[in-house]
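Below is one structure, written out as structure tokens, with a few remarks after it.
The values are calculated or read from the model by the stated rules, or taken from the named source; none is laboratory data. Everything numeric here is computed off the predicted structure, so don't read it as measured data. When we count neighbours, we look across all protein chains shown, and the Cβ atoms used for this are built from the backbone with ideal geometry, even at glycine.
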Amino acid sequence: MVEDDERIRSAVIRALRERGHAVSSAGTALAGLQLAVEERPDLVVLDLGLPDLDGGELLRMLRAVSAVPVIVATARDDDGSVVAALDAGADDYVVKPFSAGQLDARIRAVLRRAAGAETGPEPVTVGDLTVDPRSRRVTCGGTPVELSPKEFDLLAYLAARAGTVVSKRELLTEVWQLPYGGSDKTVDVHLSWLRRKLGESAAQPRLLQTVRGVGVRLAEPPP
Ligand code: CA
């Protein structure tokens, strides 16, 4: 746990230990980065408002060297901060004040997903696109496609349901874990990035087909 507020840090650590987690902590971003690299934890709970560096900055530095799951725990509840943290590679987000029970449930959910990613399902092929959930690799027309973690999650979610229309609300709930928040814009922006990387556009869709008023479907292009 990286958290500079002594009171919050000790309360959360105590609560997580009571729930069976082993917890190490740091009060600054740089100490947190060092701890994450040295101790290789299963998961990092990260505050954004830290004295030396912004937590978002730390998250980017951490992502350069590690795929460790990260839950951002912060008082910042505006849409922009949530989207920025998730885009920077956070796996989940809790807003202070949160209950220990909620944080524990989110930790368990993120760890389940991380475990699932290692032994995950078979690669899916749709047209000339192949999505491999285990290696998190994507090829389009035989060429590797570099995706951000969230772009990959979005594409993998759609690929697992290829041919089916998925609503933006479902994507916000299942891909972004924002069942009650978030906006369709978040989905739209990621879809447009994905389209660009897959060599298509909303005006000339190929594999990513928008069904107006319903959602989006990943499917073979019509002949
Ligand atoms: Ca803080």
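Among the criteria (1) of a type outside the set (D, E, K, R); (2) assigned by TED's automatic domain parsing to the domain that holds LEU58; (3) not in a helix (DSSP H, G or I), the one THR139 does not fulfil is (2). Evaluating ARG136 against the criteria (1) on the phi > 0 side of the Ramachandran plot; (2) over 16 Å from the mean Cα position of the chain (by Cα) leaves one unmet condition, (2).
One line per residue, one yes/no per condition, for (1) touching a residue at least 60 places away in the same chain (Cβ under 8 Å); (2) part of a helix (DSSP H, G or I); (3) surrounded by 15 or more Cβ atoms within 10 Å (Cβ to Cβ):
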residue: ARG134; (1), (2), (3): no, no, no
residue: LEU147; (1), (2), (3): no, no, yes
residue: LYS150; (1), (2), (3): yes, yes, yes
residue: ASP153; (1), (2), (3): no, yes, yes
residue: TRP176; (1), (2), (3): yes, no, yes
residue: THR186; (1), (2), (3): yes, yes, yes
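When ALA84, ALA109, ALA67, ALA88 are checked against the criterion of being away from the ligand (no atom under 14 Å from the Cβ) and touching a residue at least 60 places away in the same chain (Cβ under 8 Å), ALA109 stands alone in meeting it.
Considering only residues that are away from the ligand (no atom under 13 Å from the Cβ) and of a type in the set (Gly, Ala, Ser), look in segment 1-55 and name the one that is farthest from VAL94 (Cα to Cα).
ALA31
Every residue in segment 188-207 that is outside any helix (DSSP H, G or I) and not polar (S, T, N, Q), please. Result: LEU198, GLY199, GLU200, ALA202, ALA203, PRO205, ARG206, LEU207.
Please state which one of PRO223, PRO179, PRO205 is out of contact with any Gly (no Cβ under 7 Å at 6 or more places or on another chain) and either modelled with pLDDT of 95 or more or not assigned by TED's automatic domain parsing to the domain that holds GLY141 (or both). The unique qualifying residue is PRO223.
Quick grid of which residues meet (1) in contact (Cβ under 8 Å) with a residue 40 or more places away in the chain; (2) of a type in the set (Lys, Arg):
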site: ALA162; (1), (2): yes, no
site: VAL165; (1), (2): yes, no
site: GLY181; (1), (2): yes, no
site: SER201; (1), (2): no, no
site: ARG206; (1), (2): yes, yes
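So which residues in segment 131-166 are among the hydroxyl-bearing types (Ser, Thr, Tyr) and out of contact with any helix residue (DSSP H, G or I) (no Cβ under 9 Å at 6 or more places or on another chain)? Within segment 131-166, SER135, THR139, THR143 meet the criteria.
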